[in-house]
Amino acid sequence: MNKSYILRKGRVSVANHYYALTFVCHNRANHLNNFFVNRQIIHQMRQLEAEGLINSNTFVLMPNHMHWLIQLSDVYSLSEFVRRFKGRTASIFRKFNQQRLWQKGFYDHQIRDEDDLLSNARYIIANPLRAGLVKDIACYPFWDSTFMK
């Protein structure tokens, strides 16, 4: 049984707050192991930031999921923002692959304080290392963080 309804229980959306988001590929397929697809997804992430919908803090695209630490603006609720992001990226993906890109739902964690922000950013950045994809994060192409500038 699909339990995505559990993810929505207790979800809050507060403008100007930080959120750690996780999106999983449909059926946990390795859809995010294609350089061109990943570049298009990152382009859409940057476009949403340029449109003033969010401030992007940290992200990593893993082969079958992604983590993204954002600061939500006051334009859309968190769910509306995610719907826009997933819709844009899914339509791009469908041009190259006839499969669904994203699983329904998403995981979110509202950041409580500065320590929580830094802890989540570190967790996100270290994902490729923990997964054994690379031994040095500098060798992984699909991540970025404002903390590393």
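A short reminder: the numbers here are calculations on the coordinates, not readings from a lab. Because the structure is predicted, anything quoted here is derived from the model rather than measured. All Cβ positions, even for glycine, are placed from backbone atoms using ideal geometry, and neighbour counts span all protein chains on display.
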Q. Which whole-angstrom value gives the distance between the alpha carbon centres of region 34-55 and region 106-122?
A. 20
Q: Please list, in chain and number order, the residues 5+ apart from Ile111 or on another chain whose amide H is under 5 Å from its amide H, with Hs placed from the backbone.
A: Tyr18, Tyr19, Ala20
**Q.** Whole-number percent relative contact order across the chain, with pairs defined as alpha carbons under 8 Å at least 6 apart
**A.** 33
Q | Karplus (6.51, -1.76, 1.60) ³J(HN,Hα), θ = phi - 60°, over region 69-77, in Hz, Gly and Pro reported as x | A | 9, 10, 10, 6, 7, 9, 7, 10, 6
Q.
Under the rule of at least 5 residues apart or a separate chain, name every residue whose amide H is placed under 5 Å from the amide H of Trp102.
A. His26
Q | Fewest-first sequence of Tyr19, Tyr123, Tyr107, Tyr140 by Cβ atoms within 10 Å of each Cβ | A | Tyr107, Tyr123, Tyr140, Tyr19
Q. Under a straight-distance cross-link criterion of Cα-Cα below 18 Å, which aspartates and glutamates are reachable from Lys104, leaving out those fewer than 8 residues away in the same chain?
A. Glu80
**Q.** 5 Å binning of all Cα-Cα separations within region 71-149, expressed as whole percents from 0 upward
**A.** 3, 11, 16, 16, 21, 21, 9, 2, 0
Q) Let a ≥ b ≥ c be the square roots of the eigenvalues of the Cα gyration tensor of region 41-90; is it rounded (a/c under 1.5), or, if not, prolate (a/b larger than b/c) or oblate? A) prolate
Q | Helix runs (DSSP H) in the chain reaching 20 Å along axis by Cα, Kyte-Doolittle at least 1.0 | A | none
Q. Looking at region 101-141, what % of the alpha carbon pairs are farther apart than 17 Å?
A. 50
